[in-house]
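Chemist: Starting off with a structure, shown below.
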Amino acid sequence: MQSRIRDPGPTVEGPLETPIVPGWGLTALEARRLLRQAVPEAAEWMCWWPNRSHRRTLTRVLADDGASEGVLGPWRWTRPDRGLPGMIHYDSQYADEAHAAHWIGLSRFEAEGEPPVHLFTCLDSTGQNGRFVLVSTRDAGWVRRLEAVLTALPCPSGWIPVEMFGGEDVHLDPKRCPLPFLPSGMADDVVDQADRFFAHQETYRRLGAPWRRGFLLCGPPGNGKTMLARRLMVGAHRRHGATLLALKVHPLLSENDIAELYHKARARAPAVVCLEELDGILEKVARSALLAELDGLQSAEGVLTLATTNRPEAIDEALKHRPSRFDRVWTLGLPEAGLRERFLKVRLPGLPASRIGRLAGQTQGWSMAYLAELVTATLLAAAHRGADAPDQTDLEPVLARMRPQHRSGERGHATGADGDVGFAA
Ligand SMILES: Nc1ncnc2c1ncn2[C@@H]1O[C@H](COP(=O)(O)OP(=O)(O)O)[C@@H](O)[C@H]1O
Ligand SMILES: [Mg+2]
């Protein structure tokens with residue numbers, strides 16, 4: 001995805017009609033209204049939607065370690081204290097720790113001989129972190145220079161590259177690839193099977209079996225398929241030196257992409273080929289193209305194919321339960337009450353066990369992503385109160401808001417479980 005910069009037009013004059021409650025994030029318009037008061041010296045703001053890798057790098061520079069000043073390319077940046085409400089850049093999606101909250105908010109960039117420029121990012125109104133950045137200049141060239149600096153920054157050590165076909169490359173931060181909460185033993189089983197595959201090349205050879213396998217993770221959206229895929233890939237890379245490749249569904253996806261993907265995987269094996277949204281892929285390419293690769297007309301030695309799908313019924317039997325095709329299929333279903341309770345207990349420490357138990361009952365039929373959203377909103381509410389840990393007063397209004405949404409099938413502020421096109425999201 002390319003980045004976009006947009007001039008949002010003249011600032012709306014007049015007083016703020018409604019107080020802004022940033023618990024659920026802000027639209028670009030609300031953010032500008034807020035900034036008009038907080039940074040009166042900045043007359044104009046532009047809206048910048050950084051591409052994913054720029055966004056990540058910026059987050060890393062501005063939010064990691066809680067630093068309040070630093071250097072980025074030609075700029076010195078600081079974090080002016082303007083008494084903005086709690087604009088918390090909340091990153092629960094990928095964080096190990098439930099409370100991993102990073103502060104981004106407002107930063108001021110200064111360089112010799114140019115006027116200072118403010119950058120502002122917040123949780124946006126879809127609940128996503130810093131998807132847009134407001135920049136207090138009319139000079140799009142300034143943003144392009146910032147992008148060039150961000151592009152040039154090296155990937156932090158320890159991050160693991162995934163070559164993405166049909167999208168931007170991704171870097172996985174192992175610290176942010178936790179195991180999902182799943183029914184007992186399932187996550188370990190998947191990871192263990194992958195480890196065995198990579199560790200036992202010799203066994204395959206002795207048995208005269210081709211050294212390749214396919215795993216399929218199925219289940220309704222938002223129950224940890226992508227999380228698990230990321231975790232498996234990180235382990236395969238770290239423990240077995242596997243090359244990581246992934247395919248993203250896009251409108252022009254063709255058989256050639258599949259061929260090229262597997263060509264690369266074979267050349268750089270051992271490798272994991274991740275096919276997120278396998279059903280979507282099969283809508284775009286002839287099944288035979290994929291079968292040819294899985295069956296290894298060309299020997300695909302050392303390639304583990306890891307696919308996910310929300311619609312297992314769309315994957316035909318010819319692909320499933322066959323050696324070297326998708327010979328292992330795991331279903332990550334909606335969490336049972338016990339699992340919901342375990343998750344909520346870990347993520348909402350400070351709430352009494354009895355309330356957690358009842359909450360597990362009240363969230364029957366919820367996906368893990370929806371539960372995670374409840375947790376995030378509750379933690380945000382606590383943060384706005386200035387409390388360290390959430391209590392029931394934070395939880396109840398969130399629950400009251402989310403339950404009817406869930407019942408009516410509206411997603412309200414989605415966590416990205418639906419629009420999530422894979423671990424790149
Ligand atoms: N099993 C789980 N354990 C913990 N968090 C989860 C789980 N499943 C989903 N989530 C939360 O929901 C988000 C989306 O999950 P994801 O793995 O992308 O779902 P899927 O790929 O099955 O649609 C995750 O980033 C995480 O915050
Ligand atoms: Mg997914």
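FYI, it's all coordinate maths here, none of it is from the lab. These figures come from a predicted structure and were not determined experimentally. Note: ideal-geometry Cβ built from the backbone for every residue, glycine included; neighbour counts use all protein chains shown.
Chemist: What number comes out for the charge environment of SER324, summing +1 per Lys or Arg and -1 per Asp or Glu over other residues with Cβ under 13 Å away?
Modeler: +2
Chemist: Working out 0.36 nm times the residue gap between GLN364 and SER68, then minus their Cα-Cα distance, what length gain in nm do you get to one decimal?
Modeler: 102.3 nm
Chemist: Which whole-number percent is the relative contact order of the stretch 337-407 (Cα, under 8 Å, 6+ apart)?
Modeler: 31
Chemist: Would you kindly state how much longer the chain becomes between ALA140 and ARG176 on full extension, computed as 0.36 nm times their sequence separation minus their alpha carbon distance, in nm to one decimal?
Modeler: Gain on stretching ALA140 to ARG176: 9.7 nm.
Chemist: Sticking with this one: Points 7 angstrom from Cα along the Cβ direction at THR151 and ALA337: gap in nanometres?
Modeler: About 5.6 nm separates the two model spin labels.
Chemist: Compute the signed sum of charges (Lys and Arg +1, Asp and Glu -1) over the other residues within less than 11 Å, Cβ to Cβ, of TYR204.
Modeler: On the way: positive: ARG196, ARG205, ARG206, ARG212, ARG213; negative: GLU202, GLU301.
Surrounding charge for TYR204 is +3.
Chemist: With Cβ to Cβ distances under 12 Å as the rule, what net charge do the other residues near ALA265 carry (K, R +1; D, E -1)? All intermediate terms of the calculation are to be shown ahead of the outcome.
Modeler: Working: positive: ARG212, LYS264, ARG266, ARG268; negative: GLU163, GLU260, GLU293, GLU301.
Combined, the nearby Lys, Arg, Asp and Glu give 0.
Chemist: Here is a further query. Can you give the Kirkwood hydrodynamic radius of the stretch 174-331 from its Cα pairs, in Å with one decimal? It would help to have the intermediate numbers written out before the result.
Modeler: Numbers: mean 1/r = 0.0640 Å⁻¹.
For the stretch 174-331, inverting the mean 1/r across all distinct Cα pairs yields 15.6 Å.
Chemist: Taking R0 as 35 Å, what's the FRET efficiency between ARG82 and ASP188 from their Cβ-Cβ distance, rounded to 0.05? Could you put the intermediate results ahead of the total?
Modeler: Details: r = 48 Å, r/R0 = 1.36.
Rounded to the nearest 0.05, the efficiency is 0.15.
Chemist: Still on this model: Find, to one decimal place in angstroms, the Kirkwood hydrodynamic radius of the stretch 337-407, where the mean of 1/r is taken over every pair of different Cα atoms and then inverted. Could you put the intermediate results ahead of the total?
Modeler: On the way: mean 1/r = 0.0839 Å⁻¹.
Kirkwood radius, the stretch 337-407: 11.9 Å.
Chemist: Here is the link list: LYS264/LYS345; LYS284/LYS345; LYS264/LYS284; LYS225/LYS264; LYS264/LYS320. Which ones come out longer than 32 Å on Cα distance?
Modeler: From LYS264/LYS345; LYS284/LYS345; LYS264/LYS284; LYS225/LYS264; LYS264/LYS320, over 32 Å: LYS264/LYS345; LYS284/LYS345.
Chemist: If we count other beta carbons within 10 Å of each Cβ, what is the order of SER254, SER354, SER157, fewest first?
Modeler: Starting with the residue having the fewest Cβ neighbours, the order is SER157, SER354, SER254.
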